[in-house]
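To keep things clear, I will list the structure first and then write my remarks on it.
The values are calculated or read from the model by the stated rules, or taken from the named source; none is laboratory data. Please read all numbers here as calculations on a predicted model, not as lab measurements. Note that we place each Cβ from the backbone using ideal geometry, even for glycine, and neighbour counts take in every protein chain shown.
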Amino acid sequence: MRYAQGGGLTDERRPIREKLRMQAAERFRQGDENPVVAHDLRVSVRSVHRWRRAWSHNGPRALASKGPASLPLLSDELFAVLERELANGPVAHGWPDQTWTLPRIKTLIEHRFNTSYTVQGVAALLTRHGWSCQVPARRAIERDENPVAGWVKET
């Protein structure tokens, strides 16, 4: 499959997906069967069936891209503000320890930007901007934070 596990479903890949649907439309016009089109284009038969149904009602324009499914609630500029808030740490925002959790970040976004995200939406937002989930570990007393911070930024 071309889009296994949701891969390739980014906004940047939208023109490629649209081109694929247009190739399918041409194959529909030629009279090819759904399983053949699906195999040749490396997509699911179910997708081809859905595309053919739309194509039969409205022609190739039914397969044209309609834009992103939804616009992000936080722009890149606002996410930069969120990153600065996260850098201040949870204690600066009223939590008792230095652990950021998704529910805490969700609450911070709601208070700071008056925008509501789900916990899963917060995880997707952070992942989209290069953040990853990490579990705090015990740290050595001898740990030097400056080289560690440099390594984290570079890596």
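Here are a few things to note about the model shown:
- Matching residues in the stretch 50-85 - criterion: being more than 20 Å from the chain's Cα centre (by Cα), hydrophobic (A, V, I, L, M, F, W, C) and part of a helix (DSSP H, G or I): TRP51, ALA54, TRP55, ALA62, LEU63
- Residue within the stretch 116-124 that is touching a Gly at 6+ places or on another chain (Cβ under 8 Å) and modelled with pLDDT under 90 present: no
- Scanning the stretch 104-127 turns up at least one residue that is under 16 Å from SER75 (Cβ atoms), among the small types (Gly, Ala, Ser) and in a helix (DSSP H, G or I).
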